[in-house]
1. Sort B:9, A:14 so that the residue with the fewest other Cβ atoms within 10 Å of its own Cβ comes first and the one with the most comes last.
2. Rounded, prolate or oblate: which fits the protein assembly as shown when a ≥ b ≥ c are the square roots of the eigenvalues of the alpha-carbon gyration tensor, with rounded for a/c under 1.5 and prolate only if a/b beats b/c?
3. Order of B:89, B:10 from fewest to most other C-beta atoms within 10 Å?
4. Let me make sure I get this right: for the range B:1-58, a, b and c are the square roots of the gyration tensor eigenvalues over alpha carbons, sorted descending. Under 1.5 in a/c it's rounded, otherwise prolate if a/b > b/c, else oblate. Which is it?
5. Would you mind ranking A:58, A:46 by Cβ crowding within 10 Å, fewest neighbours first?
6. For chain A, compute Rg over Rh where Rg is the Cα radius of gyration and Rh is the Kirkwood radius from the inverse mean 1/r over Cα pairs.
């Protein structure tokens, strides 16, 4: 059973627009949640990590929220650029250390058009 | 330079042939992983290695084996490859003892088994 669900599956926006990606999960325990960016044909690159029960992070044009009570996270991308075209993957870790397991969503494919 | 290097990047094999995927990292990370990524699915853990000769099965180990004789190097072996092992394989590494440290991913090996 899929424990990390992402929506939408794909999204097309115009350059300069904002977008919001969603992640719902059922992983327990949920030590932390991380968002990765995966460019086509490349590996995963970490964007941000959320740890607290209700957490918010900001990394340039990327901002994210986590609500562990709702088991829900959002990734906001402001003023999208063509280089934001990628797959964004939500990952829930059940422990803080490398000894824990990571649970991956299938990703949201974002396409930014001129 | 912190990097996970995977070789080869692309590989075509016939069913029944043996396959060797190689992964190296230059950070002396104790923990290393092999994942596969298939369309519409999240990354699935094949094997995890906690250090030299300390390997554990992941969620989908059947048909795979691994070797870790040096901390910097982690190999994935497919004995008698099957067509359903066509996939993109990712190696990652992570340090132990540092909470919520993002794993570092290689750029993947795209394997086609004909």
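1. By the 10 Å Cβ count, ascending: A:14, B:9.
2. Cα axes put the protein assembly as shown in the prolate bin.
3. By the 10 Å Cβ count, ascending: B:10, B:89.
4. prolate
5. Fewest-to-most Cβ neighbours within 10 Å comes out as A:58, A:46.
6. My calculation of the ratio gives 0.96.
All of the numbers you see were taken from the coordinates with simple rules; none came from a lab. Just so it is clear, the structure is predicted and the values come from calculations on it, not from any experiment. Cβ sites come from the backbone with ideal geometry, for glycine too, and all protein chains shown count toward neighbours.
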